[in-house]
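Peer 1: This is the structure I have questions about; it appears just below.
The values are calculated or read from the model by the stated rules, or taken from the named source; none is laboratory data. Treat the numbers as computed from the prediction; the structure is a model and nothing was measured. Cβ placement follows ideal geometry from the backbone for every residue including glycine, while neighbour counts extend to all protein chains displayed. Note: areas computed on protein heavy atoms with side chains; ligands, DNA, RNA excluded. Shrake-Rupley method; radii C 1.70, N 1.55, O 1.52, S 1.80 Å.
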Amino acid sequence: QVQLVESGGGLVQAGGSLRLSCTASGSTFSGYAMGWFRQAPGQEREFVGGISRNGGTTYYTDSVKGRFIISRDNAKNMVYLQLNRVKPEDTAVYYCAANEDGSFYHPRAYNHWGQGTQVTVSS
């Protein structure tokens with residue numbers, strides 16, 4: 001079973017950039033589709049996007065499309081979320097997730113979770 005640990009969160013000004021990292025261990029990383037979710041206070045967890053097992057295809061929710069980029073390095077067991085042109089409404093706890101099913105675009109397919117990292121965007 002894969003274990004996931006996020007890092008890289010923090011405080012960033014609106015319009016700025018931040019890169020989140022997720023380190024995977026405990027299983028064959030390339031066998032998992034990977035995704036990112038976020039949850040703001042008082043709101044439900046939202047699917048940000050996902051990336052296929054080989055990194056060749058990505059999916060993004062409309063609110064982040066064109067601003068966020070998901071990538072992965074299977075040799076390093078890492079997946080990344082690059083946040084660009086951030087907005088105050090991007091403030092949330094960001095979670096890395098994995099699934100063996102390979103359905104990187106389907107939020108309900110994800111069944112392994114990290115503990116989350118806080119991103120706060122100041123206006």
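Peer 1: Do we have any residue at all in the stretch 97-116 that's within 11 Å of the chain's Cα centre (by Cα), more than 14 Å from Gln3 (Cα to Cα), buried (at least 17 other Cβ atoms within 10 Å of the Cβ) and not aliphatic (A, V, I, L, M)?
Peer 2: No - not one qualifying residue is present in the stretch 97-116.
Peer 1: Within the stretch 55-72, does at least one residue satisfy the condition of being open to solvent by 60 Å² or more (accessible area, probe 1.4 Å), closer than 19 Å to Val2 by Cβ and of a type in the set (Gly, Ala, Ser)?
Peer 2: No; the residues of the stretch 55-72 include none that is open to solvent by 60 Å² or more (accessible area, probe 1.4 Å), closer than 19 Å to Val2 by Cβ and of a type in the set (Gly, Ala, Ser).
Peer 1: Across the stretch 13-66, which residue is farthest from Cys96 (Cα to Cα) among those that are in a loop (DSSP other than H, G, I, E, B) and of a type in the set (Lys, Arg)? Explain how you work it out, then say what you get.
Peer 2: From the stretch 13-66, those in a loop (DSSP other than H, G, I, E, B) are 14-17, 26-28, 32, 40-45, 52-57, 61-66; that's our starting set.
Now narrow it down to the ones that are of a type in the set (Lys, Arg): 45, 53, 65.
Details: Arg45: 12, Arg53: 14, Lys65: 18 Å.
Going through the qualifying residues, I end up with Lys65.
Peer 1: Using the structure shown, decide if Val86 is aliphatic (A, V, I, L, M), over 16 Å from Val2 (Cβ atoms) and part of a strand (DSSP E or B). Outline the logic, then answer.
Peer 2: Numbers: aliphatic (A, V, I, L, M): yes; over 16 Å from Val2 (Cβ atoms): yes; part of a strand (DSSP E or B): no.
Considered against the rule, which asks whether it is aliphatic (A, V, I, L, M), over 16 Å from Val2 (Cβ atoms) and part of a strand (DSSP E or B), Val86 comes out as no.
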